[in-house]
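S.K.: My questions will all concern the structure given below.
The values are calculated or read from the model by the stated rules, or taken from the named source; none is laboratory data. Quantities reported herein were computed from a predicted structural model and do not represent experimental measurements. Every residue, glycine as well, gets a Cβ built from its backbone with ideal geometry; the counts of neighbours run over all protein chains shown.
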Amino acid sequence: MTTENAIDCRKPFAATLVELAGKDDRIVAVCNDSVGSSFLGEFKELFPERLINVGIAEQNMVGVGAGLANAGLIPFVCAASPFLTGRALEQIKADVAYSAANVKLCGMSPGFAYGELGATHHSIEDIAWLRAIDGLKIVVPADARQTTAAVRWAADAPSPAFLRISRTPVPDVTDASEIFEPGRAQTLRLGNDATLIACGTVVWRALQAAKILSDEGLKTRVINMASLAPIDADTVIRAAEETAAIVTVEESVPRGGLGGAVAEVVVANTPVPMRMLGTEAFAPTASVEDLYEHFGLGAEQIADSLREVLAR
Amino acid sequence: MNSEEQARSVRQLILETISFAGLGHIGSDLSITDILAVLYTDVLHLDPERPQWPDRDRLIVSKGHAAVALYSTMTLNGFLTHDELMTFAQRDSRLNGHPARAKLPGIETCTGPLGHGLPVSVGMAVGARIVNADWKTYVVTGDGELQEGSNWEAIMFAGHQQLSGLTCIVDRNRLQQGALTEETNSLDPLDAKFEAFGWDATVINGHDHDALREAILAAGAKPRVVIAETTKGKGVSFMENQAVWHHKVPSADQFAQALAEVSATR
Ligand SMILES: Cc1ncc(C[n+]2csc(CCOP(=O)(O)OP(=O)(O)O)c2C)c(N)n1
Ligand SMILES: [Mg+2]
């Protein structure tokens, strides 16, 4: 499933960071031998003294980020998401979140974007791990536009945050005029029969599923939950009250991920039939495209899941 | 097949596999080839019929991104067929982009995230001592990989434990993913660092098979590190010492030239 106008979100991420760094010299980038994979080449050229490459050392990288924040800088710590979140989890908890250090953790190429490189390189646990940490805002942009908006917000917001920056190209699905606000979801498609709630670049897939369903007369609401912490509980509750079922869609582990987050709100407020789609296990050797199919995240498969929940 | 012949065949297989699959870490594979050829030919006690034979020597290729070098070497040593090698990175293959223990018997532990092999190898060597086993433990790391702090926790503990059954071979090609190690986060003097942590250290040419054999097989009372000075992309003129060839895939023309070059050597 490819399409024209699809954009790798690392591009707007890097371009926005360069633009903001040009206006605010407190902005620094920290990375782990990942100048290339984090698209920091231009940043390095323009602001060599503000690019801190600690080498292949993620725990050190996050600790250094916290120290830089203490010195009054605004560090954007960029690394492949599995290594940033998995390796440096305690630094994220203690040095960043618990210490309320103004660090922006940028998890690059999350989900199973590394395809055949396998489960060690897939970052499917990151959302569940980080959602358990108090005080950390979690942002999963759906497309290039929202990535830009999220980076702008992060540079201004004086709080620890995690931004999940996808490398899987998708077309823009959000509105160009939107500014990012934590705790506020966007309803991308109206409908009162059932609801799809998604985050990240699979929002595009959820929209395609909704179109398939709507063509059959099933009016499906699509909610883009880019802010996972804090979550937009009101929007979830409204969907639970106004529609007959909710299916969540994410490129991550639903236990503790978006699925878990939505279920927590639903169960505590307005129980409604649910299904949580995502990555349920370590992946087989397969390409990214095959993995979407393997994990039931194709547009047709998402539509099937929703029909099944409604038929329950 | 002696180790030199094996290394030449492994280089051919690396080029063939990566070109066929359209992905792989070619520079990293060519860098480690001679180390693996010597290990499999003259050092390791393994049985391809019984990859989990309890008395086998243990090998961890901690720089798991060099999976194609490992799979190619395993192919020449009877652990895999050539047909299976060509399934590298294909749907449901046992040959994942990074070696996975659950997928392929003979892989001792999953590698890919850097800085994992050394701690696990230390556990193996301590375990061998506890159960009174004769097998030895070998771990191959990248040099950039040694920037991970987990390695130094393991190196410190291995020195403290005087783990004479443990040998670490560092693929010292002086490049990491994006740049030179010494420009990124310098490692020198690497031998002195290991020595300060209680290890015996030897620095050798990592493409000289006699030197590799002698250094790896030397016995002592301490854990031993062989700092194998290598060339990333070794054997292919336009790949040698070029960071971009960390994981670039050759074009058809480049493949033909590379194959000719690695086939011509010696
Ligand atoms: C924990 C972790 N961080 C980052 C990476 C991404 N990465 C893969 S290979 C590599 C460079 C490795 O350099 P080196 O250890 O010198 O191995 P070489 O390829 O030069 O043999 C990096 C940074 C990774 N695999 N694991
Ligand atoms: Mg290296």
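S.K.: Can you tell me which residue in segment B:210-232 is farthest from residue B:158 (Cα to Cα), limited to those that are small (Gly, Ala, Ser) and more than 17 Å from the chain's Cα centre (by Cα)?
M.R.: Within segment B:210-232, the match that is farthest from residue B:158 (Cα to Cα) is B:218.
For (1) closer than 30 Å to residue A:198 by Cβ; (2) in contact with a Gly (Cβ under 6 Å, 6 or more places away or on another chain), each residue gets a yes or a no:
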{"residue": "A:46", "(1), (2)": "no, no"}
{"residue": "A:53", "(1), (2)": "no, no"}
{"residue": "A:56", "(1), (2)": "no, yes"}
{"residue": "A:79", "(1), (2)": "yes, no"}
{"residue": "A:88", "(1), (2)": "yes, no"}
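S.K.: Hey, among the residues in segment B:130-142 that are more than 11 Å from the chain's Cα centre (by Cα) and under 25 Å from residue B:173 (Cβ atoms), which one's nearest to ligand 1 (Cβ to nearest atom)?
M.R.: Ranking the candidates gives B:137 first.
S.K.: Which residues, counting only those in segment B:114-135, are over 20 Å from residue B:53 (Cβ atoms) and either touching a residue at least 40 places away in the same chain (Cβ under 8 Å) or among the basic types (Lys, Arg) (or both)?
M.R.: Once the filter is applied, which keeps residues that are over 20 Å from residue B:53 (Cβ atoms) and either touching a residue at least 40 places away in the same chain (Cβ under 8 Å) or among the basic types (Lys, Arg) (or both), segment B:114-135 yields B:114, B:115, B:116, B:117, B:118, B:122.
S.K.: For residue A:90, are the conditions met, namely being over 25 Å from residue A:225 (Cα atoms) and either under 19 Å from the mean Cα position of the chain (by Cα) or not assigned by TED's automatic domain parsing to the domain that holds residue A:204 (or both)?
M.R.: Yes: the conditions hold for residue A:90.
S.K.: Residues of segment B:214-259 being surrounded by fewer than 19 Cβ atoms within 10 Å (Cβ to Cβ) and aromatic (Phe, Trp, Tyr), which ones?
M.R.: Correct list: B:238, B:255.
S.K.: When only residues in segment B:156-173 that are within 16 Å of ligand 2 (Cβ to nearest atom) and touching a residue at least 60 places away in the same chain (Cβ under 8 Å) count, which is nearest to residue B:226 (Cα to Cα)?
M.R.: In this case the residue turns out to be B:169.
S.K.: Restricting attention to segment A:287-312, report how many residues are assigned to a loop (DSSP other than H, G, I, E, B), at pLDDT 95 or above and on the phi < 0 side of the Ramachandran plot.
M.R.: Summing the residues that are assigned to a loop (DSSP other than H, G, I, E, B), at pLDDT 95 or above and on the phi < 0 side of the Ramachandran plot in segment A:287-312 gives 4.
S.K.: Which condition number does residue A:178 fail, the rest of (1) touching a Leu at 6+ places or on another chain (Cβ under 6 Å); (2) among the acidic types (Asp, Glu); (3) not assigned by TED's automatic domain parsing to the domain that holds residue A:253 being met?
M.R.: Of the numbered conditions (1) touching a Leu at 6+ places or on another chain (Cβ under 6 Å); (2) among the acidic types (Asp, Glu); (3) not assigned by TED's automatic domain parsing to the domain that holds residue A:253, the odd one out for residue A:178 is (1).
S.K.: Kindly provide the set of residues from segment B:126-146 that are buried (at least 22 other Cβ atoms within 10 Å of the Cβ), more than 15 Å from ligand 2 (Cβ to nearest atom) and polar (S, T, N, Q), ordered by number.
M.R.: B:137
S.K.: From the residues in segment B:233-248 that are within 14 Å of chain A (Cβ to nearest Cβ) and within 17 Å of the chain's Cα centre (by Cα), which one is nearest to ligand 2 (Cβ to nearest atom)?
M.R.: Ranking the candidates gives B:246 first.
S.K.: On to the next question. Picking from B:153, B:145, B:183, which residue would you name as being free of Cβ contacts under 8 Å to residues at least 40 places away in the same chain, part of a helix (DSSP H, G or I) and within 24 Å of residue B:27 (Cα to Cα)?
M.R.: B:183
S.K.: Would a scan of segment B:164-171 turn up a residue that is over 21 Å from residue B:38 (Cβ atoms) and either away from chain A (no Cβ under 14 Å) or within 19 Å of the chain's Cα centre (by Cα) (or both)?
M.R.: No.
S.K.: Another question, if that's okay. Here are some residues: B:112, B:206, B:149. Which one is of a type in the set (Gly, Ala, Ser), within 16 Å of ligand 2 (Cβ to nearest atom) and within 13 Å of chain A (Cβ to nearest Cβ)?
M.R.: Within the list B:112, B:206, B:149, the selection yields B:112.
S.K.: Also: Say we look at segment B:15-38 and pick out the residues that are away from ligand 2 (no atom under 16 Å from the Cβ), surrounded by 24 or more Cβ atoms within 10 Å (Cβ to Cβ) and of a type in the set (A, V, I, L, M, F, W, C); which of these is farthest from residue B:250 (Cα to Cα)?
M.R.: The residue in question is B:38.
S.K.: Only one of B:229, B:214 is more than 17 Å from residue B:12 (Cβ to Cβ) and touching a Lys or Arg at 6+ places or on another chain (Cβ under 9 Å); which?
M.R.: B:229
S.K.: Given the options A:244, A:286, name the one that is in the same structural domain as residue A:193 (by TED's automatic domain parsing), touching an Asp or Glu at 6+ places or on another chain (Cβ under 8 Å) and surrounded by fewer than 17 Cβ atoms within 10 Å (Cβ to Cβ).
M.R.: A:244
S.K.: Here's another thing I want to ask about it. Considering only segment B:78-98, state which residues are crowded, with 18+ Cβ neighbours inside 10 Å, farther than 12 Å from residue B:17 by Cβ and more than 9 Å from every other protein chain (Cβ to nearest Cβ).
M.R.: If the condition is that a residue be crowded, with 18+ Cβ neighbours inside 10 Å, farther than 12 Å from residue B:17 by Cβ and more than 9 Å from every other protein chain (Cβ to nearest Cβ), then B:79 is the only one that fits.
S.K.: (1) over 13 Å from the mean Cα position of the chain (by Cα); (2) within 14 Å of another protein chain (Cβ to nearest Cβ): which one isn't true of residue B:71, the others all being true?
M.R.: (1)
S.K.: Cβ-Cβ under 6 Å, sequence separation 6+ or interchain: first residue in segment A:19-42 and within 16 Å of ligand 2 (Cβ to nearest atom), partner part of a strand (DSSP E or B). Which pairs?
M.R.: Listed by first residue and then by second, the contacts come to A:32/A:79; A:34/A:79.
S.K.: Out of the residues in segment A:93-113 that are surrounded by fewer than 24 Cβ atoms within 10 Å (Cβ to Cβ) and touching a residue at least 60 places away in the same chain (Cβ under 8 Å), state the one that is farthest from residue A:201 (Cα to Cα).
M.R.: A:100
S.K.: Select, from B:64, B:22, the only residue that is within 14 Å of chain A (Cβ to nearest Cβ) and either farther than 26 Å from residue B:146 by Cα or touching a residue at least 60 places away in the same chain (Cβ under 8 Å) (or both).
M.R.: Selected residue: B:22, the only one of B:64, B:22 that is within 14 Å of chain A (Cβ to nearest Cβ) and either farther than 26 Å from residue B:146 by Cα or touching a residue at least 60 places away in the same chain (Cβ under 8 Å) (or both).
S.K.: Is it true that some residue in segment A:100-114 is within 11 Å of chain B (Cβ to nearest Cβ) and away from ligand 2 (no atom under 16 Å from the Cβ)?
M.R.: Taking every residue of segment A:100-114 in turn, at least one turns out to be within 11 Å of chain B (Cβ to nearest Cβ) and away from ligand 2 (no atom under 16 Å from the Cβ).
S.K.: Could you say which residue among A:128, A:150, A:176 is among the hydrophobic types (A, V, I, L, M, F, W, C) and at pLDDT below 95?
M.R.: That would be A:176, the only listed residue that is among the hydrophobic types (A, V, I, L, M, F, W, C) and at pLDDT below 95.
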